[in-house]
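**Q** Pasting a structure below so you can have a look.
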Amino acid sequence: MSDPIIEHKQRPPRPRQDTTISLLEAKLRQTERAARAMLRDLEEALVRCGYTRDGVYNSRQAGWTGPRQRGTVIHWENGKILLGRGLKKNTNGKLVKPYECNEPIAVGQMFGNDLIQVASHLVPFVDALENNVRHQVKALEDAVLKMQEMLQRVESDPMPSETPSQMSEDPDVEMPEKASE
């Protein structure tokens, strides 16, 4: 006997490929690809700018994340942006001791939430890579200006003073003797 053929008066609806959900999913995938491409361009730009030293940005240490928010750790290794994925857990969901970090993921493995997390922390991440270099450069420029002013003052009046500041006028203070004597 052959199986009976069931004919429907109305065919069952097929899932449409252009429904709102599928359009949103397609848009999400498209924006994820665009965000990944932008992060790769940023990696190349940072390398061109001279960011070659490896570094780590921790949003909690930088004061960017509040106490109730989830911390973000972004690594800069070999000219690549990597997102930290927290500490390893065992099958029970408890942290493995001694504490070990999960391997960070590269830009190509990041999905929407990861990309959003990295993008929201890009400014302090780049500041962390600079390692406060901007502030150090400003302080060094100020120090050089002070030294130049002192040098100009000494060169304008090269005569030594009658009482140099290294010499003591107090007769009770003895001058240190040389170590060879």
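The values are calculated or read from the model by the stated rules, or taken from the named source; none is laboratory data. Not measured: the values here are computed from a predicted model. Cβ placement follows ideal geometry from the backbone for every residue including glycine, while neighbour counts extend to all protein chains displayed.
Residues checked against (1) in a loop (DSSP other than H, G, I, E, B); (2) modelled with pLDDT under 90; (3) in contact with a strand residue (DSSP E or B) (Cβ under 8 Å, 6 or more places away or on another chain):
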position: Gly71; (1), (2), (3): yes, yes, yes
position: Trp76; (1), (2), (3): no, no, yes
position: Leu82; (1), (2), (3): no, no, yes
position: Thr91; (1), (2), (3): yes, yes, no
position: Asp114; (1), (2), (3): no, no, yes
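**Q** With the requirement that a residue be hydrophobic (A, V, I, L, M, F, W, C) and surrounded by 13 or more Cβ atoms within 10 Å (Cβ to Cβ), what does region 39-77 give you?
**A** Going residue by residue through region 39-77, those that are hydrophobic (A, V, I, L, M, F, W, C) are 39, 42, 45-47, 49, 56, 62, 64, 73-74, 76.
Matches in region 39-77: Leu39, Leu42, Leu46, Val47, Val56, Ala62, Trp64, Val73, Ile74, Trp76.
**Q** Same structure, new question: Looking at Gly63, is it at pLDDT below 90, within 17 Å of the chain's Cα centre (by Cα) and not acidic (Asp, Glu)? Quick ask: steps written out before the conclusion?
**A** Details: at pLDDT below 90: yes; within 17 Å of the chain's Cα centre (by Cα): yes; not acidic (Asp, Glu): yes.
Yes, satisfied.
**Q** Being free of Cβ contacts under 8 Å to residues at least 60 places away in the same chain and under 22 Å from Val118 (Cβ atoms) narrows it down to one residue among Val47, Val56; which is it?
**A** Values: Val56 fails: free of Cβ contacts under 8 Å to residues at least 60 places away in the same chain.
The match here is Val47.
**Q** What's the number of the only condition in (1) under 14 Å from the mean Cα position of the chain (by Cα); (2) more than 26 Å from Glu32 (Cβ to Cβ); (3) of a type outside the set (Ser, Thr, Tyr) that His121 fails to meet?
**A** Just one mismatch for His121, condition (2).
**Q** Collect the residues in region 78-136 that are surrounded by fewer than 13 Cβ atoms within 10 Å (Cβ to Cβ), among the β-branched types (Val, Ile, Thr) and closer than 22 Å to Arg53 by Cα, keeping them in residue-number order.
**A** Val123, Val133
**Q** Here is a further query. Within region 18-33, restricting attention to residues that are hydrophobic (A, V, I, L, M, F, W, C) and out of contact with any helix residue (DSSP H, G or I) (no Cβ under 8 Å at 6 or more places or on another chain), which residue is modelled with the highest pLDDT?
**A** Residues of region 18-33 that are hydrophobic (A, V, I, L, M, F, W, C), as a first pass: 21, 23-24, 26, 28.
Keeping just the survivors that are out of contact with any helix residue (DSSP H, G or I) (no Cβ under 8 Å at 6 or more places or on another chain) gives 21, 23-24, 26.
Details: Ile21: 74, Leu23: 80, Leu24: 82, Ala26: 86.
Here the answer is Ala26.
**Q** Within region 32-56, track down each residue that is of a type in the set (Asp, Glu) and in contact with a strand residue (DSSP E or B) (Cβ under 9 Å, 6 or more places away or on another chain).
**A** Just the residues of region 32-56 that are of a type in the set (Asp, Glu), to begin with: 32, 41, 43-44, 54.
Matches in region 32-56: Glu43, Asp54.
Let's see how each residue does on (1) in contact (Cβ under 8 Å) with a residue 24 or more places away in the chain; (2) closer than 18 Å to Ala128 by Cβ:
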position	(1), (2)
Arg14	no, no
Arg36	yes, no
Ala62	yes, yes
Thr91	no, no
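The rows are residues; the columns are (1) part of a helix (DSSP H, G or I); (2) on the phi < 0 side of the Ramachandran plot; (3) touching a residue at least 40 places away in the same chain (Cβ under 8 Å).
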position	(1), (2), (3)
Gly108	yes, yes, yes
Val123	yes, yes, no
Leu145	yes, yes, no
Val154	yes, yes, no
Met159	no, yes, no
